[in-house]
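> One structure coming up, written as structure tokens, with questions to follow.
The values are calculated or read from the model by the stated rules, or taken from the named source; none is laboratory data. Source: prediction; values computed, not measured. Cβ placement follows ideal geometry from the backbone for every residue including glycine, while neighbour counts extend to all protein chains displayed.
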Amino acid sequence: MPDTIAVGGVIATEPKHILTDEKLKITSFRLASQQRRFDRAHDRWVDGETNWYSVVAFRQLAENAEASLKKGDRVLVRGRLRIRDWTSGERQGVTVEIEAEGIGHDLAWGQSTYRKVARTPAAAGATASGGGDPEEAPADEADAAAAREPVGVGATPF
């Protein structure tokens, strides 16, 4: 069972966007998460150590991240935590990676504007494993909008 984690921090590298030969969209970046604490002895805030994470997003999340994120943005990331040992020649280390399930701007630090994007029929039927049957997707945008509406009088999506 994978561990789920939520981390707030600053995007420390320009997000990298790639499209694989299989047409899989991937966005990745490094996230710096630094804790601050109040030092009562000196009556000031001091920075703690920085934790570094590699964040990777796939498919629609990767596409939305490409259009929305840049280096220096403060974000919240939720996803599956993966810790991996690596060796490269004589060097070795540990990589801490978050496979993102959700990414958003941290509104404690600024304002953001949300814009819902139209999903393609293939993306609308896609699952987390990349599956989905295009024939099960709504035929047009009106059908897609109706499929997104809550069922029943007074129903809410919450």
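> Out of (1) farther than 20 Å from Leu107 by Cα; (2) modelled with pLDDT of 95 or more, the odd one out for Asp43 is which?
Status for Asp43: all satisfied but (2).
> Only one of these is part of a helix (DSSP H, G or I), aliphatic (A, V, I, L, M) and modelled with pLDDT of 95 or more: Leu31, Leu61. Name it.
Working: Leu31 fails: part of a helix (DSSP H, G or I).
None of the others qualify; the one that does is Leu61.
> Considering segment 8-64 alone, what residues qualify as being among the acidic types (Asp, Glu) and exposed (fewer than 12 other Cβ atoms within 10 Å of the Cβ)? Outline the logic, then answer.
So in segment 8-64, the residues among the acidic types (Asp, Glu) come out as 14, 21-22, 39, 43, 47, 49, 63.
Of everything in segment 8-64, those that are among the acidic types (Asp, Glu) and exposed (fewer than 12 other Cβ atoms within 10 Å of the Cβ) turn out to be Asp21, Glu22, Asp39, Asp43, Asp47, Glu49.
> Is there a residue in segment 93-102 that is closer than 22 Å to Glu14 by Cα, modelled with pLDDT of 90 or more and more than 16 Å from the chain's Cα centre (by Cα)?
Taking every residue of segment 93-102 in turn, at least one turns out to be closer than 22 Å to Glu14 by Cα, modelled with pLDDT of 90 or more and more than 16 Å from the chain's Cα centre (by Cα).
> May I ask you to verify whether Asp73 is closer than 12 Å to Gly9 by Cβ and either acidic (Asp, Glu) or modelled with pLDDT of 95 or more (or both)? Write out each step before concluding.
Details: closer than 12 Å to Gly9 by Cβ: yes; either acidic (Asp, Glu) or modelled with pLDDT of 95 or more (or both): yes.
Yes.
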